[in-house]
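**Q** Dropping a structure here in structure tokens format, bear with me for questions.
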Amino acid sequence: MPSELLALARTIAVEAGELAARRRREGVEVAATKSTIVDVVTEADREVERLIRGRILDARPNDAILGEEGGSSSGTSGLTWVVDPIDGTVNYLYGIPHYAVSIAVVEADVEGEPDPLTWTGLHGCVLNPAVGELFSGSRGEGAFLSVAGGPDVPIHAAAPAPLELALINTGFAYAAATRAKQGEVAARLLPMVRDIRRFGTASLDLCMVANGRTNAYFERTLSPWDHAAGAIIAREAGAVVKGFGDAAPSRDFILAAEPELAARLEPLLIDLGTRFEL
Ligand code: IPD
């Protein structure tokens, strides 16, 4: 039985996912651009986030919320809901059935915006409405996948794999100069591993590591809502989810993999130049 908070997150994600899928069927257009001309938001992103915020506030008026489109609102409980209404917006825009509603509950300071470097992730759920896959997990309680409303089945990260047999997913920033450097790292890594994937939805990238569909995932420049829920799920599935060195995952870096591969991959990625100045 999921905890009360996780159950609430899942219920809200399912309702939000239905709305996102309905809007997708009706047709989606760019409403505005954000950090660069390729960083887009659709009216559906905004509408879905409004729905999620409303449902959270109805049930949990003292909790804080940090959302991709609506920013942060403070609370008094020490709990913050970290929300990406539609992660993978570019996939969503193009009709690629690989986008997600991502909702996490984290414990953080009551003052200021919650910081992934210091927060403690408690509950997370990531729903891909286009295929009906709902990933979820709570700290210390394991990670699960439910397909099309079916039973929760425990999921686990892949068994240790040698680097040359590792399938690795990654992602790229919206800023062209950052991408150019990320592309160089990917080009150097490619001959050393089984292959590289770029799926376009960070929360689902983490869930792919969680259920062993890929061996490892890394990225730089993620926002807190991109990784909050997926990181909890991947950890509960037995993966290490970390930043550089002893740091927690953040905009600076995220690496998720089964522990032996993570220990090999981090120094290699640094050697290949991934730790460039952002
Ligand atoms: C993006 C996706 C993508 C990742 C980007 C994110 P958005 O989130 O998660 O996979 O590479 O860094 O910004 O903009 O679709 O919510």
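The values are calculated or read from the model by the stated rules, or taken from the named source; none is laboratory data. Note that the structure is a prediction, hence the values are computed from the model and not measured. Neighbour counts run over all protein chains shown; Cβ positions are idealised from the backbone, glycine included. Heavy atoms of the whole protein, side chains included, go into the accessibility calculation; ligands, DNA and RNA do not. Shrake-Rupley method; radii C 1.70, N 1.55, O 1.52, S 1.80 Å.
**Q** If you check Gly70 against the conditions, is it away from the ligand (no atom under 13 Å from the Cβ), of a type outside the set (Asp, Glu) and at pLDDT below 95? Before the answer, list the steps.
**A** Numbers: away from the ligand (no atom under 13 Å from the Cβ): yes; of a type outside the set (Asp, Glu): yes; at pLDDT below 95: yes.
In short, yes.
**Q** Now for a different question. I'd like the full set of residues that are open to solvent by 10 Å² or more (accessible area, probe 1.4 Å), within 14 Å of the ligand (Cβ to nearest atom) and in a helix (DSSP H, G or I), limited to the range 218-252.
**A** If the condition is that a residue be open to solvent by 10 Å² or more (accessible area, probe 1.4 Å), within 14 Å of the ligand (Cβ to nearest atom) and in a helix (DSSP H, G or I), then Pro224, Trp225, Asp226 are the ones that fit.
**Q** With the structure loaded, tell me whether Gly212 is within 13 Å of the ligand (Cβ to nearest atom), in a loop (DSSP other than H, G, I, E, B) and over 8 Å from the mean Cα position of the chain (by Cα) or whether it fails that test. Walk me through how you get there before you give the answer.
**A** Working: within 13 Å of the ligand (Cβ to nearest atom): no; in a loop (DSSP other than H, G, I, E, B): yes; over 8 Å from the mean Cα position of the chain (by Cα): yes.
So Gly212 does not fit the description; no.
**Q** All but one of (1) among the β-branched types (Val, Ile, Thr); (2) within 16 Å of the ligand (Cβ to nearest atom); (3) out of contact with any strand residue (DSSP E or B) (no Cβ under 9 Å at 6 or more places or on another chain) hold for Thr118, so report the exception by its number.
**A** (2)
**Q** State all residues of the range 69-103 that are more than 18 Å from Val28 (Cα to Cα) and surrounded by 23 or more Cβ atoms within 10 Å (Cβ to Cβ); if no residue qualifies, say none.
**A** At the first step, the residues of the range 69-103 found to be more than 18 Å from Val28 (Cα to Cα) are 70-83, 102-103.
Scanning the range 69-103 gives Thr80, Trp81, Val82, Val83, Ser102, Ile103.
**Q** Something else about it: Filter the range 109-127 down to residues that are open to solvent by less than 20 Å² (accessible area, probe 1.4 Å) and either farther than 17 Å from Arg251 by Cα or at pLDDT below 95 (or both), then give me how many there are.
**A** Summing the residues that are open to solvent by less than 20 Å² (accessible area, probe 1.4 Å) and either farther than 17 Å from Arg251 by Cα or at pLDDT below 95 (or both) in the range 109-127 gives 5.
**Q** Additional query: I'd like the residue in the range 84-100 that is within 11 Å of the ligand (Cβ to nearest atom) and aliphatic (A, V, I, L, M) and, out of all such residues, is farthest from the chain's Cα centre (by Cα).
**A** Step one: filter the range 84-100 for residues within 11 Å of the ligand (Cβ to nearest atom), giving 84-93, 98-100.
Retained after the next criterion (residues that are aliphatic (A, V, I, L, M)): 86, 90, 93, 100.
Values: Ile86: 10, Val90: 15, Leu93: 18, Ala100: 9 Å.
My answer is Leu93.
**Q** Take the range 188-200 and flag every residue that is over 15 Å from Leu255 (Cα atoms) and either among the acidic types (Asp, Glu) or touching a residue at least 12 places away in the same chain (Cβ under 8 Å) (or both). Explain how you work it out, then say what you get.
**A** Applying the first criterion (over 15 Å from Leu255 (Cα atoms)) to the range 188-200 yields 188, 190-195, 199-200.
Passing the criteria: Arg188, Met192, Val193, Arg194, Asp195, Phe199, Gly200.
**Q** For the range 151-170, does any single residue satisfy the condition of being within 14 Å of the ligand (Cβ to nearest atom), within 18 Å of Asp252 (Cβ to Cβ) and open to solvent by 10 Å² or more (accessible area, probe 1.4 Å)?
**A** Within the range 151-170, none of the residues are within 14 Å of the ligand (Cβ to nearest atom), within 18 Å of Asp252 (Cβ to Cβ) and open to solvent by 10 Å² or more (accessible area, probe 1.4 Å).
**Q** I need the full set of residues from the range 24-42 which are within 15 Å of the ligand (Cβ to nearest atom), open to solvent by 40 Å² or more (accessible area, probe 1.4 Å) and in contact with a helix residue (DSSP H, G or I) (Cβ under 9 Å, 6 or more places away or on another chain), in order please. Lay out the reasoning, then the answer.
**A** Initially, the range 24-42 is screened for residues within 15 Å of the ligand (Cβ to nearest atom), giving 24, 28, 30-42.
Subset that is open to solvent by 40 Å² or more (accessible area, probe 1.4 Å): 24, 30-31, 33-35, 37-38.
If the condition is that a residue be within 15 Å of the ligand (Cβ to nearest atom), open to solvent by 40 Å² or more (accessible area, probe 1.4 Å) and in contact with a helix residue (DSSP H, G or I) (Cβ under 9 Å, 6 or more places away or on another chain), then Arg24, Val30, Ala31, Val38 are the ones that fit.
**Q** Follow-up. Any idea which residue in the range 35-63 is nearest to Gly200 (Cα to Cα), counting only those that are modelled with pLDDT of 95 or more and of a type in the set (A, V, I, L, M, F, W, C)?
**A** Val48
**Q** Need pairs with beta-carbon distance below 8 Å; first residue assigned to a strand (DSSP E or B) and within the range 26-44, second among the aromatic types (Phe, Trp, Tyr); sequence gap 6+ or separate chains.
**A** Final answer for the pair search is Thr42/Tyr92.
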